[in-house]
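Trainee: Submitted below is the structure of interest, expressed as structure tokens.
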Amino acid sequence: MLSFKQFLLREGGAGGHMAHPFDIAKDGKELIDLFKQAVDYIKKGASSVKIDGVNAAARLVDGKFVLDRGSAKPLDIKGVRPEDLESRFGPGHGFLEIGKTVLGILDAAYSSTKSDLDKLGLTSNPNILLDIEYVKGQTNVIKYKNVNNFLAVHGLKEVKPKNKNPKTGEVTSRTTSNIPFDRATMNDFIYKLNKVAEKHGFAVLGNVGVSLEKAPNFNAALSKKITLNGKTKTLKDWLSGVKISLPLITKKEYQSILSGDKKDLSEKQINDFIVYTATIDLGDAILQVATSPLGDLKDQEGIVVKDEAGDTYKITGSFVLRGMESAFQK
């Protein structure tokens, strides 16, 4: 199994891309084990709802909040203020409203939250990002039942240059990493920020916890029979011979195989078809029995699971494919 040090965890915008279990496991057995471990972490409270929103990470520069999408674009490096939004994203872009709202809330709350911002390190380090997810109604694919407009503050990240042009010294790419923070201070910050956000028609949430109503039925998923190239085996038996080699076939290719006759497939196609199928079916087995203050997880994007080292991966089930519907895909 890959260590998380070998896999860069990033998720959308300045958050980057978060790992699926297949990004970590090296074979079918480890893939199954990761889903079983996820259940243990959920029971221990080491998980949260994966919010289907738009990443709107912000940092503090000279006493003013700026947006930063984590790219090497000059405006991201400088930090995007309200007057920069159209230059950064273009006329009519959906992020114009998002940026104006997020910065408006953060700016209005600055004086009341400054003591917390000091403790969290944002006032002394302009490279620390508040990892914020923006949701208004149905921003992407999911519409949440128990709350409409909200900001979810997941934690803190630090953004740093990754590569530079050797001739000019210009930053050509940047990277972000999670940094530790005091949970009590963050909770106090979120509480104060929420009071301001309410005036803008938004709520502010921290990480939203997940619980299981009963044990997931992995056996039903693993005993499902699958026929590929005329050979029929259970998902569990197919997985026993799987070796995971990234990148997998594309989601579009997976869907094409799924809807086709499943004949004349290459070894790579068979292997990766099984990996995707296991990821979806084992993930759905968890999501079908999981719930949260935002509603049942079967109707949402998924779960973020945190391991003992504090690193994270996501359980998304069928949303692996539904996520292709997002209006903010890049």
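The values are calculated or read from the model by the stated rules, or taken from the named source; none is laboratory data. Only a predicted model underlies this, so the values are computations on that prediction, with no experimental measurement involved. Cβ placement follows ideal geometry from the backbone for every residue including glycine, while neighbour counts extend to all protein chains displayed. For accessibility, only protein heavy atoms count, side chains too; no ligands or nucleic acids. Shrake-Rupley method; radii C 1.70, N 1.55, O 1.52, S 1.80 Å.
Trainee: Around Val204, which amide H atoms from residues at least 5 apart in sequence, or from another chain, sit under 5 Å from its own amide H, with H modelled in the peptide plane?
Mentor: Leu151
Trainee: Moving to a separate point now. Sorted by average packing, counted as other Cβ atoms within 10 angstrom per residue and highest first, what order do 277-286, 178-187, 151-160 take?
Mentor: 277-286, 151-160, 178-187
Trainee: Additional query: Subtract the Cα-Cα distance of Val61 and Asn125 from 0.36 nm times their separation in residues, and report this length gain in nm to one decimal.
Mentor: Residue separation times 0.36 nm, minus the Cα-Cα distance, leaves 22.2 nm.
Trainee: I want to check the label-to-label distance for Asn163 and Leu212. Put each point 7 Å from Cα in the C-beta direction and report it in nm to one decimal.
Mentor: In this crude spin-label approximation the distance works out to 4.2 nm.
Trainee: With an 8 Å cut-off on Cα pairs and a minimum separation of 6 or more residues, tell me the relative contact order of the chain in percent.
Mentor: 22
Trainee: Once each part is reduced to its C-alpha centroid, what is the distance from the stretch 70-100 to the stretch 148-164 in angstrom?
Mentor: Centre-to-centre (Cα) distance: 15 Å.
Trainee: Take the Cα pairs of the stretch 12-88, get the Kirkwood Rh, then feed it into Stokes-Einstein at 20 °C and 1.002 mPa s and tell me D in µm²/s.
Mentor: So the translational diffusion coefficient is about 139 µm²/s.
Trainee: Right, another one. Using r as the Cβ-Cβ distance of Lys199 and Asp40, and R0 as 45 Å, what FRET efficiency do you calculate, to the nearest 0.05?
Mentor: It comes out at approximately 0.65.
Trainee: Quantify, in whole percent, the carbon and sulfur part of the accessible surface of the chain (1.4 Å probe; protein heavy atoms only).
Mentor: Ligands and nucleic acids excluded, carbon and sulfur give 50 percent.
Trainee: Enumerate the calculated ³J(HN,Hα) couplings along the stretch 97-111 in order (Karplus 6.51 cos²θ - 1.76 cosθ + 1.60, θ = phi - 60°), each rounded to whole Hz, writing x wherever the residue is Gly or Pro.
Mentor: 5, 4, x, 4, 5, 5, 5, x, 5, 5, 4, 5, 9, 4, 5
Trainee: Report ³J(HN,Hα) in whole Hz for each residue of the stretch 282-292, in order, from the Karplus equation J = 6.51 cos²θ - 1.76 cosθ + 1.60 where θ = phi - 60°; Gly and Pro get x.
Mentor: With coefficients 6.51, -1.76 and 1.60, one gets 5, x, 5, 4, 6, 5, 5, 10, 9, 9, 7 Hz.
Trainee: Could you calculate the contour length gain from Asp307 to Lys73, that is, 0.36 nm times the residue separation minus the distance between their Cα atoms, to one decimal place in nm?
Mentor: Here the answer is 80.9 nm.
Trainee: Sticking with this structure for a sec: Rounded to the nearest 500 deg cm²/dmol, what is the calculated helix-only ellipticity per residue at 222 nm for the chain, with -39500 (n - 2.57) per DSSP H run of length n ≥ 4?
Mentor: Values: 12 runs with 115 residues, N = 330.
So the calculated ellipticity at 222 nm is -10000 deg cm²/dmol.
Trainee: Exactly which GluC sites (Glu not before Pro) in the stretch 195-289 are in a DSSP loop and have at most 13 other Cβ atoms within 10 Å?
Mentor: Passing sites in the stretch 195-289 are Glu213.
Trainee: Which entries of Lys225/Lys314; Lys50/Lys100; Lys236/Lys262; Lys43/Lys224; Lys114/Lys192; Lys50/Lys162 have Cα-Cα distances beyond 21 Å here?
Mentor: The pairs that break the limit, which is 21 Å between Cα atoms, are Lys225/Lys314; Lys50/Lys100; Lys43/Lys224; Lys50/Lys162.
Trainee: Ok, one more. Per residue, how much accessible area does the chain show when a 1.4 Å probe rolls over the protein heavy atoms, in square angstrom? Display every interim value, and only then the final one.
Mentor: Numbers: 15530 Å² over 330 residues.
With the other protein chains kept in place, the chain gives 47 Å² per residue.
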